């Protein structure tokens, strides 16, 4: 018998990984130069969480999937044009600042409040998904803070796999040190799962899914609540680009034997 | 005055301390000395006696939450254990290693205590206050942060401090009692990737990065995946290096193509992978930005073998780039390593 799940995926938007980033400090604190015009994508690990969630929801008929995302409305709309074509979901947009410098505790408070207010959410059936770290702040704490605020006491981080059983319990594989997974069994929902890459490939764009999603996404974006994030006494002493620029020595004229000999010497050198 | 608490935990044996925990002890000792603050060490372990002995020479106050329930890493039990230690220590600054165990629970504990948390700390500085250095945007932007509100949790990245190495001695530990909630999660053990031997070795001196070029057509118009596998695994066997991979190569494995069978997403370095710390790194057949910029951020001495003399991502990122075909080079390297062994 399939289990009915209520899956909420928390996913932010981040600058496309191939963009060059330059930090600047403005009146409201640090940010990125031209942040609003940088191409953005759904946070990569959170995107993995979304695809895993959609897969789980599809295998368990009657399940529901929400995507909660905090960011500037206009940026969210841009990113959703692509994401909406991947898998079916209901968007819960929150109009707020972009970037990695706002405090994670404030972000978590806003997300938890929005999730708690979802009218059709049955918290007993809740699986709270997200990336185990964002590609912006990369703190790996937001999901745990949201989970605590929602009173959930079973958390898993660095998740690569969830196997749901007929009785509602599930096995989780979490990344731990040394390239291994810790295997745990939880008796059932509710639980928090911070995803690493998982095992699913990125779904292909499906225009039909996109059209169905956009019917609800556009009205949701129009009604998105604005959120202001508190600094919680977090202050930035400095924000800068790393200064490590190496003087690269390009070796073009050595034979494989000569290169190998050099490498052996280098490997053995203390 | 600050009260500094260093949280540490036992490794899989249930009693010995992990290297990351000993590094956090060093960080705590240094910070306490600099701020003239009190230092407490809180241990979470099945059996805390030997862990406490190992850090007894710090002279810190030692307390522990011990018992069978704490043999394994689980949110519900670890969160009450660490919360209790923080409350008894009346800690204002809590340092902990950024291990998978503490990364899972520390934010929850910070919330329960009404405190705040920052993670991936690489440097603890500041003159009279505490300033912490960490990276943003996947190791692309570095920032120094501070907070005036306490308690403040700081999770330290592994490899950023020397491991504490004091003389082990018997010591009295304050055992802190906790009331466990009903536990809904059971940890049943660990599982290594099924693809064969373990290729991820965090303590290795060298990181070997395999790029997608290993699976591309070679000058004879054929792909040589079997040969590539043998060369890579042979090098890992001979040197004890850890294996990292570019995203494109790992993704090919996930899409069911005939590629290097021992690679999983756990090997992936870069934007959606890890940023490991090793003294040396050798990149082969790898042309993307991610392994070189993000994945290599904490690699000391870097060399690359690439066919592309104009690869913009190795320029400025690697110390030496050899413009050559990695297949014959690595075959010769392996042969020399083998001869050296004999």
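Laboratory data are not the source of any read-out in this text; all were calculated from the coordinates shown. Remember, it's a predicted structure, so these values are computed and weren't measured experimentally. Neighbour counts are summed over all protein chains in view; Cβ atoms, including those assigned to glycine, are modelled from backbone coordinates with ideal geometry.
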Inset, instruction - Starting from the Cα gyration tensor of region B:206-341, take the square roots of the eigenvalues, sort them a ≥ b ≥ c, and report rounded, prolate or oblate (rounded when a/c is under 1.5, otherwise prolate if a/b is larger than b/c, else oblate). - result: rounded
Inset, instruction - Residues in region A:150-167, backbone N under 17 Å from the label point at residue A:187 (7 Å along the Cα-to-beta-carbon vector): list them, ranges by number please. - result: A:152-155, A:165-167
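Given the convex hull of the Cα atoms of chain A, what is a quarter of its surface area in nm²? Don't skip to the answer; put the middle values down first.
Numbers: hull surface 77.3 nm².
Averaging across all directions leaves 19.3 nm² for the Cα convex hull.
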Inset, instruction - Return a whole-number percent for the relative contact order of chain A, with Cα pairs under 8 Å and 6 or more residues apart as the contact set. - result: 24
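What order, most packed first, do the peptides B:99-108, B:304-313 have when packing is the mean number of other Cβ atoms within 10 Å of each residue? Walk me through the intermediate numbers first.
Values: B:99-108: 25.9, B:304-313: 18.1.
Top of the packing list down: B:99-108, B:304-313.
Calculated from DSSP H runs of 4 or more alone, at -39500 (n - 2.57) each and per residue, what is the 222 nm mean residue ellipticity of chain A, nearest 500?
Details: 6 runs with 77 residues, N = 270.
For chain A, the value works out to -9000 deg cm²/dmol.
Can you tell me the relative contact order of region B:136-254? Whole percent, Cα pairs under 8 Å, sequence separation 6 or more.
On the way: 62 pairs, mean separation 28.3, N = 119.
Answer for region B:136-254 is 24 percent.
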Inset, instruction - Starting from one equal scatterer on each C-alpha and no solvent at all, send me the Debye-based log10 I(q)/I(0) for region B:3-175 at q = 0.13, 0.14, 0.15, 0.19 Å⁻¹, two decimals. - result: -0.56, -0.65, -0.75, -1.25
Legend entry - Translational diffusion of the protein assembly as shown, µm² s⁻¹ [Kirkwood Rh, Cα pairs; Stokes-Einstein; 20 °C; 1.002 mPa s]: 85
Legend entry - Shielding by partners, peptide B:124-137 (average Cβ within 10 angstrom, other chains): 3
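Would you please put B:176-182, A:127-133 in order of how densely packed they are, using the mean number of other Cβ atoms within 10 angstrom per residue and starting with the highest? All intermediate terms of the calculation are to be shown ahead of the outcome.
Numbers: B:176-182: 11.4, A:127-133: 28.1.
The packing order, highest mean first, is A:127-133, B:176-182.
Show that you can apply the helix-only estimate: for chain B, add -39,500 (n - 2.57) for every DSSP H stretch of four or more residues, divide by all residues, and state [θ] at 222 nm to the nearest 500.
Numbers: 7 runs with 91 residues, N = 342.
That comes out to -8500 deg cm²/dmol.
Using a ≥ b ≥ c from the Cα gyration tensor of chain B (square roots of the eigenvalues), is it rounded, prolate or oblate, where a/c under 1.5 gives rounded and otherwise the larger of a/b and b/c decides, a/b for prolate? The partial results should precede the final answer.
On the way: a/c = 2.29, a/b = 1.93, b/c = 1.18.
Prolate, since a/c reaches 1.5 and a/b exceeds b/c.
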Legend entry - Average other protein chain Cβ within 10 Å of Cβ, residues B:182-192: 6
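Give the relative contact order (percent, whole number) for chain B; include only Cα pairs under 8 Å separated by 6+ residues. Walk me through the numbers before you get to the answer.
Values: 704 pairs, mean separation 47.7, N = 342.
Across chain B, relative contact order equals 14 percent.
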Inset, instruction - Enter the Cα centre distance for the pair region A:156-175 and region A:224-244, rounded to the nearest angstrom. - result: 34
Inset, instruction - Would you give the gap between the C-alpha center of region A:47-120 and the C-alpha center of region B:103-166, rounded to a whole Å? - result: 28
Legend entry - Average beta-carbon neighbours from other chains, 10 Å sphere, peptide B:145-155: 3
Legend entry - Pairwise centroid distance, computed over Cα atoms, of region B:68-94 with region A:1-44, Å: 32
Inset, instruction - Note the angle between two axes, namely the Cα long axis of helix B:19-35 and the longest principal axis of the Cα atoms of chain B, as a number of degrees from 0 to 90, rounded to the nearest 10. - result: 50
Legend entry - Mean Cβ neighbour count within 10 Å, used as a protection proxy, ranking B:137-143, A:249-255 highest first: B:137-143, A:249-255
